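S.K.: Dumping the structure here so I can ask a few things about it.
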Amino acid sequence: MLDGKLLIAGKWKACDKKFESLNPATGDVIGKACLAGNEEVTEAVKEAKLAQESWNKIDISERAKIFTRLGDELLKRSQEISNLITLEMGRPLFESNIEVRKTSEMVKYFANEGKTFLEGDEIPINPHNFSFTRFEPVGVVGIIKPWNYPLLLPFWAIAPALIAGNTVVFKPSDLTPFVGIEIGKICQDTGIPDGVINIVTGDGFTGKSLVSSDIDMISFTGSSDTGKNIMKNSADKLHRISLELGGSDAFIVFKDADIEEAINGAVWGRFMNCGQVCISPKRIFVEDDIADSFIEGFVNKTRNLVIGNGFDPGTDIGPMVSKEQRERLELQVEDAVRKGATIECGGKIPLLLKEGYYYEPTVLTGVAPEMSVMNEEVFGPVAVISIFENMGEAIALANGTIYGLGASVWTKNMDTAMHMSSQLECGMVWINEICTLHPQCPWGGIKHSGMGKDLSRYGIREFVSIKHVNINLGTDKTRSWWFPYGKNK
């Protein structure tokens with residue numbers, strides 16, 4: 001059984017209170033991790049503040065070299081880390097391995113490009129006056145990240161924050177604490193100095209303690225409700241915040257699309273990671289001329305997906321991460337059926353998989369706006385399909401949500417694609433593609449899906465303050481707008 005400790009100022013510390021981490025495929029206890037309270041969080045923030053000045057004095061090129069090594073180390077430990085991800089959150093091992101590789105790619109990207117992204121700009125004013133900008137670290141960044149991508153999402157913030165000269169206190173999800181602890185070990189092993197990254201495991205109270213502490217910024221990924229609470233709790237201290245929150249992305253298929261490609265993309269996009277992805281297509285809209293053939297193909301492919309333990313090579317869909325997550329999903333499906341939706345397939349717990357938190361991949365049609373599956377985020381293996389008659393209706397349906405994370409459009413007509421991309425209210429649009437990420441491209445939503453950006457040059461600049469410096473090179477002893485004013489002026 002694993003035994004989790006806190007990482008504070010380079011030392012792994014035990015604690016009195018602990019909580020269990022469970023294997024969602026079996027319900028068995030994996031290990032016990034520390035339940036950090038106010039005292040531990042305060043200590044971690046204090047040590048991060050002490051380490052920040054010396055860390056920032058290290059040249060950014062040297063900081064970046066550490067993350068180049070870290071990216072290589074992730075690949076060396078790929079199998080070990082992938083196993084831990086699958087053990088704690090249940091997804092197929094193949095998907096866990098992709099997460100490790102994507103994390104390595106992203107870390108190396110910031111190591112290679114961080115210095116360029118943080119070079120200030122010269123601003124010419126006139127022959128005797130010019131300005132320039134500096135990008136300076138915010139200070140101590142509190143990072144709170146979820147369980148669905150327990151390695152990738154933390155490093156989205158850790159890598160750019162540290163390369164920019166900040167220090168970090170990281171709270172992993174209470175459902176995947178040991179992946180968070182592994183992040184601390186990797187950072188230590190690749191040469192990140194003591195106190196620069198600190199790990200405090202725990203529950204929601206631990207997160208609240210971190211938000212209320214003497215940090216300078218919060219980077220959070222999770223539910224919209226929790227994001228709103230973080231904004232409220234940060235108000236008194238005016239912490240800078242970056243929030244990547246929930247989504248209910250639209251997947252829009254026009255009649256001229258490649259139907260087979262669209263079906264394949266929709267099935268993978270909706271059901272990867274057991275549907276527990278913020279940017280998966282949670283609302284599928286299909287033009288009426290092709291609706292019957294699309295639904296038939298989508299349902300057939302969904303029925304053929306293999307449910308099972310993530311360590312089984314034949315598994316397509318593992319368990320949901322917890323009993324509570326599954327219960328919430330069941331309530332959403334029951335609400336839809338009660339209000340008139342049709343279950344085309346799935347809709348129940350698999351008979352042969354009573355242990356663990358499995359749920360059959362499910363397809364609902366005949367859905368309506370008042371159903372919770374249409375106006376809440378559905379974080380599990382449930383797809384809802386609606387039909388539209390024209391482009392205007394498709395836009396209205398897609399935008400009819402409080403969320404604005406991403407959307408995808410499927411059409412062979414680039415005029416249609418470009419028009420849709422300009423009309424959809426979201427932070428990201430894919431054309432004939434779904435759920436792809438590249439470290440070079442900004443990531444983030446609008447409306448109730450959050451604020452701020454991850455990845456790209458915009459992502460690393462979330463973790464710096466912009467300082468303007470103005471220099472006068474003239475020889476005048478006064479200025480025309482200075483005193484005295486008098487009648488002539």
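S.K.: Could you say whether any residue in segment 410-427 is buried (at least 18 other Cβ atoms within 10 Å of the Cβ), assigned to a loop (DSSP other than H, G, I, E, B), in contact with a helix residue (DSSP H, G or I) (Cβ under 7 Å, 6 or more places away or on another chain) and among the charged types (D, E, K, R)?
M.R.: Within segment 410-427 (the criterion being buried (at least 18 other Cβ atoms within 10 Å of the Cβ), assigned to a loop (DSSP other than H, G, I, E, B), in contact with a helix residue (DSSP H, G or I) (Cβ under 7 Å, 6 or more places away or on another chain) and among the charged types (D, E, K, R)), the answer is no, since none of the residues qualifies.
S.K.: Next question. Please report, ordered by residue number, the helices (runs of 4 or more DSSP H) entirely within segment 147-266 with at least 2 residues that are without any contact (Cβ under 8 Å) to a residue 40 or more places away in the chain and not charged (D, E, K, R).
M.R.: Details: elements: 152-163, 177-189, 204-211, 224-234.
Helices (runs of 4 or more DSSP H) meeting the threshold: 152-163, 177-189, 224-234.
S.K.: Right, here's the next one. Of the residues that make up segment 133-146, is at least one out of contact with any strand residue (DSSP E or B) (no Cβ under 8 Å at 6 or more places or on another chain), outside the structural domain of Val306 (by TED's automatic domain parsing) and among the β-branched types (Val, Ile, Thr)?
M.R.: Of the residues in segment 133-146, the ones out of contact with any strand residue (DSSP E or B) (no Cβ under 8 Å at 6 or more places or on another chain) are none.
Looking through segment 133-146, none of the residues is out of contact with any strand residue (DSSP E or B) (no Cβ under 8 Å at 6 or more places or on another chain), outside the structural domain of Val306 (by TED's automatic domain parsing) and among the β-branched types (Val, Ile, Thr).
S.K.: Among the residues of segment 37-50, are any touching a residue at least 60 places away in the same chain (Cβ under 8 Å), surrounded by fewer than 18 Cβ atoms within 10 Å (Cβ to Cβ) and among the acidic types (Asp, Glu)?
M.R.: Scanning segment 37-50, I find no residue that is touching a residue at least 60 places away in the same chain (Cβ under 8 Å), surrounded by fewer than 18 Cβ atoms within 10 Å (Cβ to Cβ) and among the acidic types (Asp, Glu), so the answer is no.
S.K.: Based on this model, can you work out whether Ile230 counts as under 23 Å from Phe379 (Cα atoms), of a type in the set (A, V, I, L, M) and assigned by TED's automatic domain parsing to the domain that holds Asn148? Don't jump to the end; show me each part of the working.
M.R.: Details: under 23 Å from Phe379 (Cα atoms): yes; of a type in the set (A, V, I, L, M): yes; assigned by TED's automatic domain parsing to the domain that holds Asn148: yes.
The answer is yes for Ile230.
S.K.: As an exercise: evaluate Ala383 against (1) surrounded by fewer than 23 Cβ atoms within 10 Å (Cβ to Cβ); (2) assigned to a strand (DSSP E or B) and give the number of the one condition it does not meet.
M.R.: (1)
S.K.: Out of all the residues in segment 217-227, is one or more in the same structural domain as Asn148 (by TED's automatic domain parsing), touching a Lys or Arg at 6+ places or on another chain (Cβ under 6 Å) and surrounded by 22 or more Cβ atoms within 10 Å (Cβ to Cβ)? Write out each step before concluding.
M.R.: If we filter segment 217-227 for residues that are in the same structural domain as Asn148 (by TED's automatic domain parsing), which is where we start, we get 217-227.
Filter again for touching a Lys or Arg at 6+ places or on another chain (Cβ under 6 Å), leaving 217, 221.
Keeping just the survivors that are surrounded by 22 or more Cβ atoms within 10 Å (Cβ to Cβ) gives 217, 221.
Yes, segment 217-227 contains at least one residue that is in the same structural domain as Asn148 (by TED's automatic domain parsing), touching a Lys or Arg at 6+ places or on another chain (Cβ under 6 Å) and surrounded by 22 or more Cβ atoms within 10 Å (Cβ to Cβ).
S.K.: Please enumerate the residues belonging to segment 189-246 that are within 18 Å of the chain's Cα centre (by Cα) and under 23 Å from Phe67 (Cβ atoms).
M.R.: Listed by number, the residues that qualify are Met217, Ile218, Ser219, Phe220, Thr221, Arg240, Ser242, Glu244.
S.K.: Any chance segment 407-422 includes a residue that's touching a Cys at 6+ places or on another chain (Cβ under 6 Å), small (Gly, Ala, Ser) and in the same structural domain as Asn304 (by TED's automatic domain parsing)?
M.R.: Of all residues in segment 407-422, those touching a Cys at 6+ places or on another chain (Cβ under 6 Å) come to 407.
Keeping just the survivors that are small (Gly, Ala, Ser) gives 407.
Still in the list and also in the same structural domain as Asn304 (by TED's automatic domain parsing): 407.
Checked against the condition, which is being touching a Cys at 6+ places or on another chain (Cβ under 6 Å), small (Gly, Ala, Ser) and in the same structural domain as Asn304 (by TED's automatic domain parsing), segment 407-422 yields at least one hit.
S.K.: Name the residues in segment 451-482 that are surrounded by 15 or more Cβ atoms within 10 Å (Cβ to Cβ) and in a loop (DSSP other than H, G, I, E, B), would you?
M.R.: Answer for segment 451-482, where residues must be surrounded by 15 or more Cβ atoms within 10 Å (Cβ to Cβ) and in a loop (DSSP other than H, G, I, E, B): Gly452, Lys453, Leu455.
S.K.: I've got another one for you. With the structure loaded, tell me whether Leu153 is within 30 Å of Tyr357 (Cα to Cα), surrounded by fewer than 23 Cβ atoms within 10 Å (Cβ to Cβ) and modelled with pLDDT of 95 or more or whether it fails that test. Write out each step before concluding.
M.R.: On the way: within 30 Å of Tyr357 (Cα to Cα): yes; surrounded by fewer than 23 Cβ atoms within 10 Å (Cβ to Cβ): no; modelled with pLDDT of 95 or more: yes.
The answer is no for Leu153.
S.K.: Specify which of the listed residues (Val333, Val277, Val321) is closer than 30 Å to Leu455 by Cβ, in the same structural domain as Met418 (by TED's automatic domain parsing) and either crowded, with 22+ Cβ neighbours inside 10 Å or of a type in the set (Gly, Ala, Ser) (or both).
M.R.: Values: Val333 fails: closer than 30 Å to Leu455 by Cβ; Val277 fails: either crowded, with 22+ Cβ neighbours inside 10 Å or of a type in the set (Gly, Ala, Ser) (or both).
Selected residue: Val321, the only one of Val333, Val277, Val321 that is closer than 30 Å to Leu455 by Cβ, in the same structural domain as Met418 (by TED's automatic domain parsing) and either crowded, with 22+ Cβ neighbours inside 10 Å or of a type in the set (Gly, Ala, Ser) (or both).
S.K.: Step by step: first the residues of segment 99-126, then only those that are of a type in the set (A, V, I, L, M, F, W, C) and surrounded by 15 or more Cβ atoms within 10 Å (Cβ to Cβ), then the one that is farthest from Gly310 (Cα to Cα). Which residue is that? Let's see the steps before the verdict.
M.R.: The initial filter retains those residues of segment 99-126 that are of a type in the set (A, V, I, L, M, F, W, C), namely 100, 106-107, 110-111, 117-118, 123, 125.
If we keep only those that are surrounded by 15 or more Cβ atoms within 10 Å (Cβ to Cβ) too, we end up with 100, 106-107, 110-111, 117-118.
Working: Val100: 15, Met106: 25, Val107: 26, Phe110: 31, Ala111: 32, Phe117: 39, Leu118: 40 Å.
Ranking the candidates gives Leu118 first.
S.K.: Right, something else. Scan segment 116-139 for residues that are over 17 Å from Gly459 (Cα atoms) and of a type in the set (A, V, I, L, M) and jot them down. Quick ask: steps written out before the conclusion?
M.R.: Taking segment 116-139 as the starting set, the residues that turn out to be over 17 Å from Gly459 (Cα atoms) are 121-133.
The answer is Ile123, Ile125.
S.K.: Report whether or not Glu20 is part of a strand (DSSP E or B), free of Cβ contacts under 8 Å to residues at least 60 places away in the same chain and either under 28 Å from Glu355 (Cα atoms) or in contact with a strand residue (DSSP E or B) (Cβ under 7 Å, 6 or more places away or on another chain) (or both).
M.R.: Numbers: part of a strand (DSSP E or B): yes; free of Cβ contacts under 8 Å to residues at least 60 places away in the same chain: yes; either under 28 Å from Glu355 (Cα atoms) or in contact with a strand residue (DSSP E or B) (Cβ under 7 Å, 6 or more places away or on another chain) (or both): yes.
Answer is yes for this residue.
S.K.: Within the group Thr116, Thr86, which residue is in contact with an Asp or Glu (Cβ under 9 Å, 6 or more places away or on another chain) and in a helix (DSSP H, G or I)? Give the steps one after another, and end with the answer.
M.R.: On the way: Thr116 fails: in contact with an Asp or Glu (Cβ under 9 Å, 6 or more places away or on another chain).
On inspection, the qualifying residue turns out to be Thr86.
The values are calculated or read from the model by the stated rules, or taken from the named source; none is laboratory data. Given the structure is predicted, the values throughout are model-derived calculations rather than measurements. Please note: Cβ atoms are built from the backbone with ideal geometry, for glycine as well, and neighbour counts cover all protein chains shown.
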